Amino acid sequence: MNEHEIAYKYVHGHHDALTDNQEKIDMAQDIMDFAKAYHEQQVKICCVAGVSESAVSKDFARLYAKISKGEIVPCFVDNDWRDGKPPLRDIAKVVRHKENSIMIGCRGTQYGGVDDFALDGRTELRAFTDECERLNLEYFT
């Protein structure tokens, strides 16, 4: 079911829910199913466009060296906001603005990063590596 079919189903009352609460639950599930299918389609498009398993890396020291030279590096991260459900993968970018200021995110959403206040006695590289591991980050080589 696509987004137009979902809207039609619930706006025009073409559903089989007997209560408003069940309608909300069913609509939320339809939206989540659509989002998952859409996400899988986007990943397939990336793969068709030439992104393969060998084109991504988890060598975070190498990634740190790249961003320290001013490169902006595209990556995949786990977007884990749904309690108890598997995370979705999202495409993002890694940018180092200055010392102790690294941002991992996209489209106005910051999934992770490094700032002075978050170092907790760690080096910038160690804090960055911890963030990359937490996000299950894989960057494009």
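Here are the numbers for this structure:
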quantity	calculated
Residues that are part of a loop (DSSP other than H, G, I, E, B) and buried (at least 19 other Cβ atoms within 10 Å of the Cβ), drawn from the range 126-136	Leu135
Qualifying positions in the range 1-25 - assigned to a helix (DSSP H, G or I) and in contact (Cβ under 8 Å) with a residue 12 or more places away in the chain	Glu3, Ile6, Lys9, Tyr10, Glu23
Test: residue in the range 62-72 that is in the same structural domain as Arg134 (by TED's automatic domain parsing), surrounded by 14 or more Cβ atoms within 10 Å (Cβ to Cβ) and modelled with pLDDT under 80	no
Matching residues in the range 95-109 - criterion: being at pLDDT 85 or above and among the polar types (S, T, N, Q)	Ser101
For Ala92: the one exception among (1) small (Gly, Ala, Ser); (2) within 30 Å of Met1 (Cβ to Cβ); (3) at pLDDT below 85; (4) not assigned by TED's automatic domain parsing to the domain that holds His15	(3)
Single match in Tyr139, Tyr64 (criterion: over 12 Å from the mean Cα position of the chain (by Cα), under 30 Å from Asp33 (Cβ atoms) and not in a loop (DSSP other than H, G, I, E, B))	Tyr139
Residues located in the range 86-125, provided they are of a type in the set (Asp, Glu) and in a loop (DSSP other than H, G, I, E, B)	Glu99, Asp115, Asp120
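The values are calculated or read from the model by the stated rules, or taken from the named source; none is laboratory data. Not measured: the values here are computed from a predicted model. Quick reminder, even Gly has a Cβ in these numbers, built from the backbone with ideal geometry, and neighbours come from all protein chains shown.
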